[in-house]
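Participant: Have a look at this one before I ask anything.
The values are calculated or read from the model by the stated rules, or taken from the named source; none is laboratory data. Quick caveat: nothing in here was measured; it's all calculated off a predicted structure. Note: ideal-geometry Cβ built from the backbone for every residue, glycine included; neighbour counts use all protein chains shown. In case anyone asks, the SASA skips ligands and DNA or RNA and just uses the protein heavy atoms, side chains included. Shrake-Rupley method; radii C 1.70, N 1.55, O 1.52, S 1.80 Å.
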Amino acid sequence: MTIVLDSNIPYLVEAVQNAWQSVDIFPMKPEEIDDSAVREADVLVVRTRTKVDESLLRGSKVRLVCTATIGFDHIDTAYCEANGIQWMSCPGCNAQAVCDYIEEAINEYLTAEGGLCIGIVGVGHVGSLVAKMAERKGFRVLLNDPPKGIGNSLDEIAKNSDIVTFHVPFTRHGDFPTYHLCDEAFLNNCKPDALIINAARGGVVDEQALLRSGHPYILDTWENEPDMDTAVLAHARLASMHIAGYSEQGKRNATQMCLDCIADTFRLPKMVLPASRATQGDSAPGWLARVSKALKARPDQFEILRKNYPLRT
């Protein structure tokens, strides 16, 4: 059995080498994972930087695709399902880390608390935690999640919220598409000084409409990333390079979920990752402002800054 994986996924190589001696494992940089690299692989383990579609998988032996991420819009799930290729993502793996990011963003932006309303669009693993955090901080909370039949309309969210934060998957089709969910019409309905936060997926927010609107905003995910629009970046109150979910525990959770899926699919012995490693990640108050300053100073280094970002504890 052969596994090809993104070498940036922590703990995975050591875990497989220690527990599954019969498995051949090939760690690669994301840009090295192409059709020739995966042709003889049984399992492919990736992150968002690898586009998993027909051009990558056609003619390969791949039977299972794991993404060590919550989102899976980089996987052509229809192609996988039509060709008998199992796929999985890691919902909830880094939910607490993203919630911590939202709390830090709010703390950095606001000079005082109390009496404010926060609209949370998407009430899954992350949105639910954000709601509890916001209630603890004394916010009035409005929820919106039509697929779950939860909460208020987008119009009510826009008209009543002082902060709107998005926690939805990226979808272009279906009953509830999220592409440009935050568009010009939504922004026109918002309070003039409402803060917009997107730590979900680039494309959920129409960035050009956001820029024109004059609303303050904080972005972790971007349309066309890593090629950000420099004007959108420059006007962001705070900005980061898709690292909201980058915590030690979140990465461990994702790797463990991938290992569990591989073990179940191929009837391999289950393994439990060792205790978390100590890290030097910056989690002291003000960390998001420091990240933002670094990204704004070097926007062309988006991928390098992201790759070298020390995991928060």
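Participant: Could you please find all residues in segment 191-229 being open to solvent by 30 Å² or more (accessible area, probe 1.4 Å) and touching a Lys or Arg at 6+ places or on another chain (Cβ under 8 Å)?
Facilitator: Passing the criteria: 191, 226.
Participant: Name the pairs whose Cβ atoms lie under 6 Å apart, with the first residue in segment 1-13 and surrounded by fewer than 20 Cβ atoms within 10 Å (Cβ to Cβ), the second in a helix (DSSP H, G or I), and 6 or more positions between them or separate chains?
Facilitator: If the second residue must be in a helix (DSSP H, G or I), the pairs left are 10/251; 11/255.
Participant: Name the residues in segment 2-42 that are touching a Lys or Arg at 6+ places or on another chain (Cβ under 7 Å) and either within 24 Å of residue 311 (Cβ to Cβ) or of a type in the set (A, V, I, L, M, F, W, C) (or both), would you?
Facilitator: Scanning segment 2-42 gives 6, 7, 8, 9, 10, 11, 30, 41.
Participant: Same structure again: Being surrounded by 18 or more Cβ atoms within 10 Å (Cβ to Cβ), at pLDDT below 95 and on the phi > 0 side of the Ramachandran plot: is that true of residue 174 here? Talk me through it step by step, then tell me what you get.
Facilitator: Values: surrounded by 18 or more Cβ atoms within 10 Å (Cβ to Cβ): no; at pLDDT below 95: yes; on the phi > 0 side of the Ramachandran plot: yes.
Here the answer is no, as residue 174 does not meet what is asked.
Participant: Do we find that residue 283 is among the hydroxyl-bearing types (Ser, Thr, Tyr), within 23 Å of residue 167 (Cβ to Cβ), surrounded by fewer than 20 Cβ atoms within 10 Å (Cβ to Cβ) and more than 17 Å from the chain's Cα centre (by Cα) in this structure?
Facilitator: Working: among the hydroxyl-bearing types (Ser, Thr, Tyr): yes; within 23 Å of residue 167 (Cβ to Cβ): yes; surrounded by fewer than 20 Cβ atoms within 10 Å (Cβ to Cβ): yes; more than 17 Å from the chain's Cα centre (by Cα): yes.
When the stated conditions are applied, residue 283 passes them.
Participant: While we're on this one: Please list, ordered by residue number, the helices (runs of 4 or more DSSP H) wholly in segment 69-166 having 1 or more residues that are open to solvent by 30 Å² or more (accessible area, probe 1.4 Å) and under 21 Å from residue 239 (Cβ atoms). First the steps, then the outcome.
Facilitator: Values: elements: 77-82, 95-109, 125-136, 154-160.
In segment 69-166, the matching helices (runs of 4 or more DSSP H) lie at 95-109.
Participant: A follow-up question, please. Give just the number: which of (1) part of a helix (DSSP H, G or I); (2) more than 25 Å from residue 19 (Cα to Cα); (3) over 17 Å from the mean Cα position of the chain (by Cα); (4) not aliphatic (A, V, I, L, M) does residue 264 not satisfy?
Facilitator: Residue 264 satisfies every listed condition except (2).
Participant: Something else now. Hey, residue 87 hits all of (1) within 30 Å of residue 292 (Cα to Cα); (2) within 21 Å of the chain's Cα centre (by Cα) but one; which does it fall short on?
Facilitator: Only one criterion in (1) within 30 Å of residue 292 (Cα to Cα); (2) within 21 Å of the chain's Cα centre (by Cα) is unmet by residue 87, namely (1).
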